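Structure, as structure tokens:
The values are calculated or read from the model by the stated rules, or taken from the named source; none is laboratory data. In this text, all values refer to a predicted model and were calculated from it rather than measured experimentally. Glycine gets a Cβ as well: all are built from the backbone with ideal geometry, and neighbour counts include every protein chain shown.
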Amino acid sequence: GLALSGAMAHRPASTGNQLRSAVPLPEPYTVPLPIPPVLEPSGTSKGSDRYDITQRQVSAEILPGIRTGLWTYDGTFPGPTIESRRGRPVTVAHRNELPVPTVVHLHGGRTPAASDGYPTDLVLPQSWPAPTAHHDQHDDGAHAMPDPRAVISRITREYTFPMDQRAAMLWYHDHRMDFTAPAIWRGLAGMHIIRDDTEDALDLPRGERELPLMIADRSFASDGSLAYPSLDPALRERPGVRAPYAAGVLGDVILVNGAPWPIHEVVTSRYRLRLLNASNARHYELQAVTDDGRRLDLVQIGADQGLLAAPVTHTTVPIAPAERYDVVVDFAGLPAGSRVRLINRLGTGRTREVMAFRIARRARESTHIPARLADDLPTWRRSEATAVRDFVFRAGQMQHGRGWVIGGRAFDPARTDIRTRLGAVEVWRFVADVHHPVHLHLVGFRVLSRGGRAPLPHDAGLKDTISLRPGESAEIITRFDGYRGRYLFHCHNAEHEDMGMMANIEIT
Ligand code: C2O
Ligand code: CU
């Protein structure tokens, strides 16, 4: 059930699956870029840190002069950034003061299954009725399939992350079964940066010259809220008919770190942009364009799971939902007062604009992009693989109407789709009907091929999400190491995910 109730009159209008905001929008590049606060530990013991986050509703000013009700991690959207060190475990205690059950997943984390945020491991709010053995009562009255393995908590839950993984930018977000898309849309997303000695040894831009950038599109209803469109259940029952939002919900306002088309002052030097696409369904092809129409190089130094072996220079960076690209852009030589816009080549009108940088003054350069970045990337070979599996990602039938399926089946928490052994190397082959960003929990993977050919330049490095384009096939290779237990893989178009496009991996 994707439906969330909301008064009809308050809903933003839409054309197809693109919503249209019902409030006045600011001119692009007038609102300053916010940087989410870095969370202070609430406790530190010799080997680990503890953080406390309260999930709560707040009213915030996202659009100038307009109040927007949000679901937040600790009162902000994005939620606070957590910064941790490789090898130093972190416990995050989440307290649910929202009106709905929640589940927290650390995307990209090498996390034991009990803390991975399985979609039925709900944290119930104070007043929520206890789920019975046979159903879990949802806010729209829909019933999830029973999951005998679910571990349900009330009000609080501690998630423990060993942080035994490479430096990388991860993100945390809601992962509740059937309701991930509306929960993220309403604000439940934050960044989590892991640092390590390998990265510290490089002279990469840091401090004010390292910018975590969460890009997400949203639309605003007439009351300022981030209204989420309901699905018309009648539409979903008719064979062959898909509701307009089944393709994924697109907003008409591009937010970066929660601000609409923001602008940020920079100096004439290199900046490290840690790009995250936290949109439910929107894809971007990002370019950095100067006032005189010149495209600046975006030098990619890292992927979803950390540093590349060597930098890769792009002029366009494609970024699908949930992907991260770590790029360096150099503002050297640009005149003070001029602007560099980060644009989305796939957008039209205002959705083509993302954010801008204004060159404030000249500065000395102290950074350096080495020709070799990291030498610890896994190099699994096809010959090591003990299984080769095929998965078709396409539209299909789920329990209650049309949705999205993997290998012909919609998500069922009670079914094990893939069983593998701890330590097994496997090759997975994907085929997609339309655009599907495919994400595996627990492991990072390498892209082996795309469309039967060599991977594209932006497929470099260690990834946890691969963007499959319409009609495209791809192969990845990974090793299922770390922990035993039940994990997920799914499409990260959040609407596709809620509408069935998810499956279970059991590591034994
Ligand atoms: Cu970003 Cu299964 O999640
Ligand atoms: Cu999809």
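Values computed for the structure shown
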quantity	calculated
Residue among L442, L448, L422, L377 that alone is at positive phi, more than 16 Å from ligand 2 (Cβ to nearest atom) and either outside the structural domain of V249 (by TED's automatic domain parsing) or surrounded by fewer than 21 Cβ atoms within 10 Å (Cβ to Cβ) (or both)	L442
Qualifying positions in the stretch 380-419 - part of a strand (DSSP E or B), away from ligand 1 (no atom under 16 Å from the Cβ) and buried (at least 17 other Cβ atoms within 10 Å of the Cβ)	A395, G396, M398, G401, R402, G403, V405
Qualifying residue in the stretch 352-364 (condition: surrounded by 19 or more Cβ atoms within 10 Å (Cβ to Cβ) and outside any strand (DSSP E or B))	no
Of all residues in the stretch 104-129 being closer than 16 Å to T54 by Cβ and modelled with pLDDT of 95 or more, the one that is surrounded by the most Cβ atoms within 10 Å (Cβ to Cβ)	V104
Single residue of the stretch 425-439 satisfying the filter (surrounded by 19 or more Cβ atoms within 10 Å (Cβ to Cβ) and within 16 Å of ligand 2 (Cβ to nearest atom)) that is farthest from I505 (Cα to Cα)	H435
Within the stretch 390-402, considering residues that are at pLDDT below 90 and within 15 Å of ligand 2 (Cβ to nearest atom), the one farthest from V434 (Cα to Cα)	M398
Members of the stretch 26-47 found to be over 22 Å from A189 (Cβ atoms) and in contact with a Lys or Arg (Cβ under 6 Å, 6 or more places away or on another chain), listed by number	G43
Failed condition for P64, given (1) touching a residue at least 12 places away in the same chain (Cβ under 8 Å); (2) part of a strand (DSSP E or B); (3) more than 22 Å from the chain's Cα centre (by Cα)	(2)
Residue, farthest from ligand 1 (Cβ to nearest atom), within the stretch 319-330, restricted to residues that are part of a strand (DSSP E or B) and under 15 Å from H492 (Cα atoms)	I319
Among the candidates A503, A474, residue that is buried (at least 20 other Cβ atoms within 10 Å of the Cβ), touching a residue at least 60 places away in the same chain (Cβ under 8 Å) and either in a strand (DSSP E or B) or within 16 Å of ligand 2 (Cβ to nearest atom) (or both)	A503
The stretch 241-295, subset closer than 20 Å to V23 by Cβ and in a strand (DSSP E or B), residue nearest to ligand 2 (Cβ to nearest atom)	L250
